[in-house]
Amino acid sequence: MRQIKLARNILLGIEDLLLHKLRSFLTTLGIVFGVGSVVAMLSVGEGASKEAMDQIRKLGSNNIIVNSIKSVEEESTSTTHSHLAIYGLTYEDCARVAETFKAIRQTAPVKLIRKEGRLGERAMELRVVGTSPVWFDLVQRPIVAGRVLIASDDNERAPAAVLTEHGARKLLAAENTIGQSLKIGGDRFEIVGIVKSESGLAGNIQIPDQEVDVYIPINVARSYFGDIMARMTSGSFEREMVELHQMIVQVDSTEDVEPTAKGIEDMLKRFHKKQDYLVSVPLALLRQAEATKRTFNIVLGSIAGISLLVGGIGIMNIMLASVTERTREIGIRRAIGAKRRQIISQFLIETVVLSIIGGLIGIGLGVLVPFLITYFSDMPTVITAASIVLPLVISFGVGIIFGLYPAIRAAKVDPIVALRHE
Amino acid sequence: MIRQAESNSGVEIIKLEEARKIYWMGSSEVKALAGVTLSFKRGSFWAIMGPSGSGKSTMMNVLGCLDRLSSGRYILEGQDVSTLEDDSLSEMRLRHLGFIFQSFNLIPQLSVQRNIELPLYYLGWEAESSAERARELAGKVGLGDRLHHRPSELSGGQMQRVAIARALANDPQIIFADEPTGNLDTATGKEILALLTELNGQGKTIIMVTHEMDVAAYAKQRLHMLDGVVDRIEGGD
């Protein structure tokens, strides 16, 4: 019964608003754009941070990643022709780290070598990744076909190679790759399995990506290809000696991540003369991304708050004018027997209906914008339930808050005076 | 100066005892009603007359529950309404009174039907039954074919008929008419007055404020106000 009455009052309110279509429309514009921009900005922000966080999360929140980097002094002296740059993590570092810290569950070394690969007729530049079996587990690379590297490959120096889906597709269009022979440099390897490809970069952490990657046992990589690599860069010939390019460490629990990272850093500092390593913690990056997102949301919230405030004031302004204009109507209604609260609810309903309609149009607009952004620019956007419900609740609140004063003003009208009002 | 206004037929529906209404105009006191005692019987047709400033409008507002007395008592339908709160006064107007104004006071953006339905809306009637009642009343005042017109599309006489239909919607015992013919030509005015007479014949108590003698002649009794008190009473059965 009460619901029916409310529904009827809302319908009457809408009828009244429809009498002044243009004015009602203009009144809601503030709310429309306020809500629209909130929804659009939320979805763009959400999309951006979701992408960043997904990438960081893929690196593993319990992982610590240590990369070898060419130190600054090394860069400046490497201009001479036959200079040999020696830097980065060593096998010894890796073993020492694994032995020292109790919290460490697994450690995976990574050695990167560029070699030409040949499979039947096809030849292309490969990025050969020498690593241990646990690596596949640490960076979460599920098997697509065959198997990943196993401990015996490493121990027996078996020439086993694992490809990524992407790499397999580039090397060999359709045929079954497993069991085929792949020539890397001058050596023959047997393709034993295919894993899922990884894409993208996160922060300053390198993850083997869209290149054609081949994973081989680290001991095989070391004994077949050695540690010295020659590279031609902009006319000069460069030689580098790097034992390990990366080391991925997994600890038991999230709480161990930061203390262990600190310990590794301190230990490396003791054994390395130069700062030729970089310890990164995906968890820290995740926290940083979350903090950035929080800041972003606060800024967004303030902007949204201001625009909705402006929208609300706009509505209040128009409603006050409407109350003055309709003084006589209010007097008539009061004379007939309308109570003050019935006048209040009449005007309040009109304001709330206006602002909610504005909110709905705004949401429509706000959903359309990210859709267009994604369509035209590939930028990811995410529309969450909250980014729709929240603005709707806010526009309802704006209607109540900014409608109350005009409605109370309307109810205070003295019917005797109002009836004489021209 | 206390006068008793009496009628032979029916029971008292309105009773004022020592009614006073004082306004403050800046720092000076205006006694709009300076102690009025009177009673109107059910089914009577009164004209309240008097020059401007005589207190007849104040009298009308007080009797119509739009204004409250400064002192004295007002008994309407056996209930003392002089101490009622704003909400209760609204309730009295809604249930017992109907109003007709000189300037019609229809709500311009509402159709004839919606205007007539207005009291029923506040009484909480269902949409269908109030639409039916509005149709019936519009027919009664001769506007059955104008239900969906806006007031601006009607003539003055038609607008006043709509106002009468609206005043009748809640089936009030008393109808207040404030200069009901003031904005109408003589012929139309006569039609409206005939309609009021007819309603009186059906048992409604009618209280009409006017300053025109020939309009007041339609009433059965005439009460003349002067300086906030009852000057004299004419008529009676």
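What follows is calculated from the coordinates using simple rules that are stated; it is not laboratory data. Keep in mind the model is a prediction, meaning the values are calculated, not measured. Ideal geometry is used to build each Cβ from the backbone, glycine not excepted, and the neighbour counts take in all protein chains shown.
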- In chain A, which helices (entire DSSP H runs) extend 30 Å or more along their own long axis, judged by Cα positions, while averaging at least 1.6 on the Kyte-Doolittle scale? A:386-411
- In peptide A:58-70, what is the residue-averaged number of other protein chain Cβ atoms found within 10 Å of each Cβ? 0
- Amide H contacts under 5 Å for residue B:149, restricted to residues at least 5 apart in sequence or on another chain and with H modeled in the peptide plane, are B:112, B:113
- Sort A:109-115, B:180-186 for me by packing, meaning the mean count of neighbouring Cβ atoms within 10 Å per residue, highest on top. A:109-115, B:180-186
- Note on the structure: Output field shielding_mean for A:325-335 (other chain Cβ, 10 Å radius) holds 5
- Would you mind pulling out the separation of the Cα centroids of segment A:274-308 and segment B:140-212, in Å? 73 Å
- Item | Pairwise label distance in nanometres, residue A:114 with residue B:149, each label 7 Å out on the Cα-Cβ vector | 9.2 nm
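Quick one: if you take sqrt(5λ) for each eigenvalue of the C-alpha gyration tensor of segment A:273-422, what semi-axes come out, biggest first, whole angstrom?
51, 16, 11
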- Query: Taking R0 as 25 Å, what's the FRET efficiency between residue A:181 and residue A:144 from their Cβ-Cβ distance, rounded to 0.05?
  - Reply: 0.80
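Taking square-rooted eigenvalues a ≥ b ≥ c of the alpha carbon gyration tensor, is segment B:62-176 rounded, prolate or oblate, where a/c under 1.5 means rounded and, failing that, a/b exceeding b/c means prolate?
prolate
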- Query: Separation of segment A:110-179 and segment A:345-390 by C-alpha centroid, Å?
  - Reply: 48 Å
- Note on the structure: The Cα radius of gyration of chain A, divided by 2.2 N^0.38 Å with N its residue count, comes to 1.53
- Query: What list of ³J(HN,Hα) couplings, whole Hz, do you get for segment B:212-226 from phi and the Karplus terms 6.51, -1.76, 1.60, once you set θ to phi - 60° and write x for glycine and proline?
  - Reply: 9, 4, 6, 6, 4, 4, 6, 6, 7, 9, 10, 10, 9, 9, 8
- Task: Can you check how the C-alpha radius of gyration of segment B:119-237 compares to 2.2 N^0.38 Å, as a plain ratio?
- Result: 1.17
- Task: Treat each spin label as a single point 7 Å out from the Cα along the C-beta direction, and report the residue A:421 to residue A:302 distance in nm.
- Result: 4.1 nm
- Computed, not fitted: 222 nm per-residue ellipticity of chain B from DSSP H runs ≥ 4 (each -39500 (n - 2.57)), nearest 500, equal to -10000 deg cm²/dmol
- Note on the structure: Note: B:155-166 gets an average of partner chain Cβ contacts (10 Å, Cβ to Cβ) equal to 0
- Net lengthening on full extension, residue A:385/residue A:295 (0.36 nm per residue, minus Cα-Cα): 30.3 nm
- Query: What is the magnitude of the charge dipole of the protein assembly as shown about its Cα centre, with +1 placed on the Cβ of each Lys and Arg, -1 on the Cβ of each Asp and Glu, and no other charges, expressed in debye to the nearest 20?
  - Reply: 860 debye
